[in-house]
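Below is one structure, written out as structure tokens, with a few remarks after it.
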Amino acid sequence: MRRYLFLIVVIVACAVILGVATARAHGPWPYDCCHENDCEEIAKEWVRERGGLITFTVPPGGHKMWPADGRPAFVVTVERKDLRKPVTGEWSICISPAGKLLCAFPPDQGF
């Protein structure tokens, strides 16, 4: 009986540890944006603001979801109102495997 109790405790402990590790795998970004681990900080030089529009121009290899494999730069424009709340001190974007912008986050200073 003690052997089974010990085994159950070990299994539950492993499940808890794995659950915490998986929950943190996407970093500071919300799970609804980064459930596939597709969010990453980008260089501020790749961000341009004009009026209420934000344009992201990420070169190939500049984001883990946009590799340097001969594709052109990832360019997308969003309205400032569509930005999420800041999560880091840098600009961050989440790109789907299909090359679609999922979420964009401004740096936490000044927004």
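The values are calculated or read from the model by the stated rules, or taken from the named source; none is laboratory data. These figures come from a predicted structure and were not determined experimentally. Heads up, the Cβs are rebuilt from the backbone with ideal geometry, glycines too, and the neighbour counts pull from every protein chain shown.
Observations, loosely collected:
- Neighbours by Cβ (under 7 Å, 6+ apart or cross-chain): first from the stretch 89-111, charged (D, E, K, R); second part of a strand (DSSP E or B) and surrounded by fewer than 20 Cβ atoms within 10 Å (Cβ to Cβ): Glu90/Glu41
- Among the residues of the stretch 47-101, those that are surrounded by 17 or more Cβ atoms within 10 Å (Cβ to Cβ) and small (Gly, Ala, Ser) comprise Gly62, Ser92.
- Matching residues, the stretch 24-74, being of a type in the set (Gly, Ala, Ser) and within 19 Å of Gly89 (Cβ to Cβ): Gly27, Ala43, Gly62
- Pairs with Cβ under 8 Å, 6+ apart, first in the stretch 44-73 and at positive phi, second surrounded by 13 or more Cβ atoms within 10 Å (Cβ to Cβ): Gly70/Pro60
- Entirely in the stretch 44-111, the strands (runs of 3 or more DSSP E) that have 1 or more residues that are touching a Ser or Thr at 6+ places or on another chain (Cβ under 7 Å) and at pLDDT 95 or above: 47-50, 53-58, 74-79, 101-105
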